[in-house]
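Every read-out reported here was derived from the displayed coordinates using simple, explicitly stated rules and does not represent laboratory data. Worth saying up front: this structure is predicted, and the values here are computed from it rather than measured. Here the Cβ is made from the backbone with ideal geometry for all residues, glycine too, and neighbour counts use every protein chain on show.
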Ligand code: SF4
Ligand code: SF4
């Protein structure tokens with residue numbers, strides 16, 4: 001047969017047919033593998049993760065700061081080791097396994113490593129992204145059930161009301177004492193249950209009693225609502241005294257930190273969007289957070305979720321706001337001749353970075369002797385970590401208990417409810433009667449004793 005097109009169509013077919021394209025792609029891929037192109041083996045979703053891990057220059061400066069490395073002296077339990085493991089997994093060189101997951105899950109996400117890293121490796125984003133792509137490793141059944149139940153209680157108001165009634169019943173019967181004999185986790189949980197507070201109905205608006213300085217939204221936090229109503233009430237009174245109308249939108253929800261760090265970015269994004277809607281009021285000057293863990297999450301929303309910039313820019317920690325406002329004016333405080341052990345959680349030190357404001361606020365109480373816990377890295381609470389890893393959490397907490405034994409303070413102040421519950425449980429176990437409260441509670445007591453909202 002004679003070809004009148006001078007074989008043009010055949011040559012096009014030979015170059016652009018699906019078989020020809022597939023053949024060329026295969027050759028290209030082999031070449032890329034041979035030249036060890038950095039993203040070889042990484043899927044599209046893994047490439048940004050791999051690029052982030054490549055920022056680590058393996059200098060090791062983070063190792064002395066890492067609580068899990070300090071206890072285990074195992075490189076796989078260090079920031080550098082965990083980054084290398086994720087790098088291996090993301091590049092396709094290392095298969096996901098229970099031991100890989102175990103090393104990653106043992107991380108507290110305290111972010112001490114991030115704050116000293118000269119290469120500014122986004123460590124927590126690497127861990128969150130890894131968990132969102134690869135999930136969390138297998139967990140002990142007891143911890144898994146506890147976590148599912150805790151999340152349901154924290155996020156669903158109906159369930160939390162029921163749980164509060166159940167806790168009251170368990171306290172009044174011998175049920176708590178019986179459960180607490182079962183295991184380390186059971187002991188930890190029963191001390192939490194004994195701190196569970198009855199559901200409180202609050203107004204949504206508290207006008208400033210006298211001079212008006214502005215209007216703030218109060219982010220109460222799901223755990224704070226269940227375990228720390230004293231801080232919420234003290235904060236409403238203090239903010240009013242400082243001249244702020246206080247608004248508590250009832251639609252506000254959990255900050256989403258637990259879900260995000262468990263790899264459920266979608267759920268965390270839904271909670272973030274609910275909070276954006278709840279606090280979307282132009283009149284609000286500030287969105288005040290009480291627990292530093294929630295404050296850190298709200299401040300970092302824009303790194304994960306779109307359209308959260310306004311909420312993040314208005315977010316301020318209560319100690320920081322109180323310190324700034326009080327600096328401008330004279331406020332009489334009753335003296336307190338007691339020893340105070342002041343705790344700065346990792347979320348305050350490594351994310352919000354406003355520990356100085358907290359210290360200055362507490363130090364302004366006349367007569368108080370302030371001892372800090374600056375030499376302690378992480379108390380071990382770390383959100384759900386204290387439930388999922390009770391042994392490591394308890395080993396880390398021992399450093400604080402040792403200092404408490406040595407200094408014998410009357411108060412231990414911490415601005416994060418998770419840390420407060422964990423430390424309180426430890427003190428109870430060693431029979432030390434120290435009042436563990438939020439710094440704002442003590443400060444407000446010294447400012448206005450006996451007032452109610
Ligand atoms: S300090 Fe930063 S760059 Fe150095 S090993 Fe640690 S994470 Fe990597
Ligand atoms: S976040 Fe904390 S526990 Fe995790 S690797 Fe960094 S320093 Fe260690």
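Compute from the Cα atoms of region 42-116 the Rg and the Dmax, the latter being the longest Cα-Cα distance, and quote both in angstrom.
According to the Cα coordinates of region 42-116, Rg and Dmax are 12.2, 36 Å.
For region 331-447, take the alpha-carbon Rg, divide it by the Kirkwood Rh, and send me Rg/Rh.
That ratio is 0.96, to two decimals.
Describe numerically, in nm with one decimal, the distance between label points set 7 Å from Cα along Cα→Cβ at residue 54 and at residue 429.
4.4 nm
Under 15 Å from a label point 7 Å along Cα→Cβ of residue 310: give me every residue in region 217-232 with its amide N that close.
Label zone hits: 217.
Working out 0.36 nm times the residue gap between residue 212 and residue 233, then minus their Cα-Cα distance, what length gain in nm do you get to one decimal?
5.6 nm
Rounded to two decimals, what ratio of Rg to Rh does region 399-440 give with C-alpha atoms and a Kirkwood Rh?
Looking at region 399-440, the ratio lands at 0.92.
Could you calculate the FRET efficiency of residue 339 with residue 280 from 1/(1 + (r/R0)^6), where r is the beta carbon distance between them and R0 is 30 Å, rounded to 0.05?
0.10
So for the pair residue 205, residue 251, with labels modelled 7 Å out along Cα→Cβ, what separation do we get in nm?
Here the answer is 1.6 nm between the modelled labels.
Taking the alpha carbon gyration tensor of region 205-325, what are the square roots of 5 times its eigenvalues, largest first, to the nearest whole Å?
Sorted largest first and rounded, they come to 24, 15, 12 Å.
Given labels modelled 7 Å from the Cα in the Cβ direction, how far is it in nm from residue 372 to residue 266?
4.4 nm
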